[in-house]
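**Student:** Input: one structure, supplied below.
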Amino acid sequence: VKHPPPDLPEMPPCSFNPEEYKDMSKERMMEIRRQNCNPMTMKVTYYKKPVYIHQGHMQWLWDVDGRRYLDLFAGVATVSVGHCHPWKEHKNIWDQLWHTTNIYVYSPLHEYTEKLAATLPDPLKVIYLTNSGSEANDLAMLMARLHTGNFDVITLRGSYHGGSPHTMGLTSNAAYKYPVASGLGCHNTMCPDVFAGPWGGSNCRDSPIQTIRDCSCPQGSCTANDKYIGQLNEVFATSVPSRIAAFFAEPIMGVGGAVQYPKNFLKDTYKLVRERGGVCIADEVQTGFGRTGSHFWGFQGHDVIPDMVTMAKGIANGFPMGAVVTTPEVAASFAKGVHFNTFGGNPVACAIASSVLDEDGTQQISHNVGTYLLTELAKMRDKYEIIGDVRGKGLQIGVEMVKDKASRKPLPPAAMSEIFEDTKDMGVLIGKGGVYGQTFRIKPPMCITRDDADFFLAVFNQALHNYMEDHH
């Protein structure tokens with residue numbers, strides 16, 4: 001035994017009893033995975049010792065051996081309100097209508113789109129339903145180009161906006177790129193990362209927790225913001241024509257590692273983009289539906305109104321669905337051709353997504369439990385030299401790991417994996433992100449409790465203690 005059994009608190013109780021697993025053996029599953037799955041699937045299997053998932057209920061997952069895990073990654077920020085949520089409202093859809101298309105009129109589609117539109121400010125009221133975030137961003141890029149008559153699109157370095165041939169151009173992370181022509185007309189500007197970037201201070205971001213960097217800015221100004229906007233102006237001067245199609249950004253980065261920008265960065269960027277004929281697109285695939293706690297949509301925390309909002313993941317609690325919401329003006333430009341999506345607006349997807357919008361209290365849970373987690377994780381940052389930054393809002397949280405606080409250089413992958421695996425072995429599932437895989441991502445279903453948070457904090461602290469004991 002590498003470490004003696006840690007003195008951890010008991011995992012919080014759960015009254016749900018999973019079914020006994022009686023299906024395929026673990027050995028057979030891995031054999032099929034090796035033979036029939038694409039090689040990348042094998043590459044991204046998260047753990048050295050894989051987790052063989054059998055069943056889920058709310059914030060809990062069980063493996064095929066009956067072991068319970070606290071799920072703080074939610075299928076990559078996708079299970080928004082809990083695994084296999086025990087809703088009653090949409091159950092009858094399974095007996096009524098599995099599929100039709102929006103060439104017909106059916107109530108689940110129209111009930112849902114009316115509810116969704118009501119969550120967004122004017123003039124964001126025209127909705128296109130898709131099946132994924134990549135598809136939504138792909139469609140938004142097409143609409144932006146048609147509406148503006150321009151072609152070039154700008155994103156942030158280190159961002160992720162999808163893996164389709166077009167959205168691969170929006171994505172600015174080598175791990176998700178292939179050596180083929182993709183994303184023609186896509187450019188990126190420096191990510192305004194106030195922790196790891198060249199500029200940042202102790203009062204830059206809209207978060208309960210600020211960076212450990214010093215700040216000498218006069219009150220009411222932000223040198224870091226000015227510098228990062230200067231980098232964007234360099235892109236305008238050197239890399240794109242005088243007129244552009246669009247700017248894409250997540251309100252808080254997802255795959256990029258929960259990076260937060262200076263408070264006025266998006267507002268200043270939107271102004272500059274619109275001066276050049278472009279539209280501004282908020283990618284809410286991970287930040288939407290109350291996850292940031294303070295607002296239902298992440299862009300609202302930046303005091304901006306985008307021209308388009310894309311969403312997926314938590315939109316239907318894990319059921320495949322996505323959407324683009326835009327203005328009547330942009331939609332009119334798109335009506336020059338026929339747009340059709342076979343599965344977009346599927347009645348089952350709409351019924352589940354409608355139940356997500358009806359769920360009470362998730363945004364408040366995100367705010368309360370998320371703020372508590374951030375505050376306690378910041379105490380760990382002060383305790384451990386290898387935690388460089390704790391950031392985020394609500395239940396969109398990142399913990400950036402470093403070799404040391406002075407250099408801010410990323411903790412190597414092997415070290416990240418060791419802590420990651422240890423956390424899993426003690427019963428908690430979290431994620432990883434960042435350009436160098438250096439950030440732990442905490443994005444649980446928005447039904448977790450403070451007791452769950454305390455259990456995770458004890459486990460994570462033990463995993464960090466184990467690593468430090470072995471290597472320092």
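The values are calculated or read from the model by the stated rules, or taken from the named source; none is laboratory data. Just so we're clear, the structure is a prediction, and the values are computed from it rather than from any experiment. FYI the Cβ positions are ideal-geometry reconstructions off the backbone, even for glycines, and counts take in every protein chain you see. What goes into the accessible areas is simple: the full protein's heavy atoms, side chains included, and nothing from ligands, DNA or RNA. Shrake-Rupley method; radii C 1.70, N 1.55, O 1.52, S 1.80 Å.
**Student:** Confirm whether K336 is out of contact with any Gly (no Cβ under 6 Å at 6 or more places or on another chain), of a type in the set (K, R) and without any contact (Cβ under 8 Å) to a residue 40 or more places away in the chain.
**Tutor:** On the way: out of contact with any Gly (no Cβ under 6 Å at 6 or more places or on another chain): yes; of a type in the set (K, R): yes; without any contact (Cβ under 8 Å) to a residue 40 or more places away in the chain: no.
Taking the combined requirement at face value, the residue does not satisfy it.
**Student:** Counting just the residues of segment 351-383 that are surrounded by fewer than 17 Cβ atoms within 10 Å (Cβ to Cβ) and hydroxyl-bearing (S, T, Y), which one comes out farthest from L129 (Cα to Cα)?
**Tutor:** Of everything passing the filter in segment 351-383, T375 is farthest from L129 (Cα to Cα).
**Student:** Hey, another quick one. Look through segment 234-257, keep the residues that are part of a helix (DSSP H, G or I) and open to solvent by 60 Å² or more (accessible area, probe 1.4 Å), and return whichever of them is nearest to G398 (Cα to Cα). I'd like the intermediate steps shown before the answer.
**Tutor:** As a first pass, look at segment 234-257 and keep what is part of a helix (DSSP H, G or I): 234-238.
Of the ones still in play, those that are also open to solvent by 60 Å² or more (accessible area, probe 1.4 Å) are 234, 237-238.
Details: E234: 29, A237: 33, T238: 33 Å.
Only one residue tops the list, namely E234.
**Student:** Taking segment 411-431 only, how many residues are outside any helix (DSSP H, G or I), in contact (Cβ under 8 Å) with a residue 40 or more places away in the chain and open to solvent by 10 Å² or more (accessible area, probe 1.4 Å)?
**Tutor:** Pass one, segment 411-431, residues outside any helix (DSSP H, G or I): 411-412, 426-431.
Still in the list and also in contact (Cβ under 8 Å) with a residue 40 or more places away in the chain: 426-431.
Now restrict to residues that are open to solvent by 10 Å² or more (accessible area, probe 1.4 Å): 426, 429.
Number satisfying all stated conditions: 2.
**Student:** In this structure, is D452 acidic (D, E) and open to solvent by less than 10 Å² (accessible area, probe 1.4 Å)?
**Tutor:** Values: acidic (D, E): yes; open to solvent by less than 10 Å² (accessible area, probe 1.4 Å): yes.
Yes; evaluated as a whole, the condition is true for this residue.
**Student:** A follow-up question, please. Show the residue pairs that are 6+ apart or on different chains and have beta-carbon atoms under 6 Å apart, the first residue being within segment 153-181 and within 16 Å of Y436 (Cβ to Cβ) and free of Cβ contacts under 8 Å to residues at least 24 places away in the same chain, the second being open to solvent by 90 Å² or more (accessible area, probe 1.4 Å) and among the basic types (K, R).
**Tutor:** S172/R157
**Student:** Could you look through segment 192-216, keep only residues that are touching a residue at least 60 places away in the same chain (Cβ under 8 Å) and among the acidic types (D, E), and pick out the one that is surrounded by the fewest Cβ atoms within 10 Å (Cβ to Cβ)?
**Tutor:** The extreme case among them is D206.
**Student:** Also: Return the total of residues in segment 318-328 being more than 11 Å from K125 (Cβ to Cβ) and open to solvent by 10 Å² or more (accessible area, probe 1.4 Å). Spell out how you get there, then give the answer.
**Tutor:** First, pick out the residues of segment 318-328 that are more than 11 Å from K125 (Cβ to Cβ): 318-324.
Now restrict to residues that are open to solvent by 10 Å² or more (accessible area, probe 1.4 Å): 318-320.
Qualifying residue count, segment 318-328: 3.
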